[in-house]
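Single-structure report; data block below.
Since every read-out is calculated from the coordinates, none of them should be taken as a lab result. Predicted model only: the values in this text are computed from it and were never measured. Please note: Cβ atoms are built from the backbone with ideal geometry, for glycine as well, and neighbour counts cover all protein chains shown.
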Amino acid sequence: MAARILVVDDEPMVRALIARVLTDAGYEVVAVANGRAALDAARGAEAGFDLIVTNNYMPGLTGPELVSRVRQDFPDLPILHVDDIARRGRIAQLPEDVPTIYKPFSIASLREAVGKLLLLS
């Protein structure tokens, strides 16, 4: 059975790109536009998610706020954080086990980061 991944990004083009790359890699992907929708999706899913890929700056809940809330309900759920390279080093504190990849990233680096997190879970 394919791993289920929740992709959260408020930019439609980025969200679609990430979802397409991961779908093409064989994962089952659910994509939503903001942190509140992601929290609702994670809490309401009949089959749980194996990974969340979240953007940093979004309306409603930011990436770090989403990470904090998800960890309350799903403490062991792997999360991959995505941010712009221009903001490197200026993001809110994230747990040590939440890696960040920076845009622009390659398809290979996204697949590699996702694969590593799924292997560790």
**OP:** Could you point to the residue in Gly63, Ala2, Val32 farthest towards the positive end of the chain's charge dipole, with +1 and -1 charges on the Cβ of Lys/Arg and Asp/Glu respectively?
**Re:** Gly63
Subject >> log₁₀ of I(q)/I(0) at q = 0.12, 0.19, 0.22 Å⁻¹ - the chain, Debye sum with one point per alpha carbon >> reply: -0.36, -1.00, -1.44
**OP:** Identify the GluC sites (Glu not before Pro) of region 17-110 meeting these criteria: DSSP loop state and at most 10 other C-beta atoms within 10 Å of the C-beta.
**Re:** Glu46, Glu96
Original post:
Summing -39500 (n - 2.57) over the DSSP H runs of n ≥ 4 in the chain and dividing by its residue number, what mean residue ellipticity at 222 nm do you reach, to the nearest 500 deg cm²/dmol?
Top reply: -12500 deg cm²/dmol
Subject >> Inter-centroid distance (Cα atoms) of region 1-42 relative to region 45-118, Å >> reply: 11
Original post:
What longest range of the chain stays clear of loop-exposed trypsin sites (Lys or Arg not before Pro) (DSSP non-H/G/I/E/B, at most 14 other C-beta within 10 angstrom)?
Top reply: 1-87
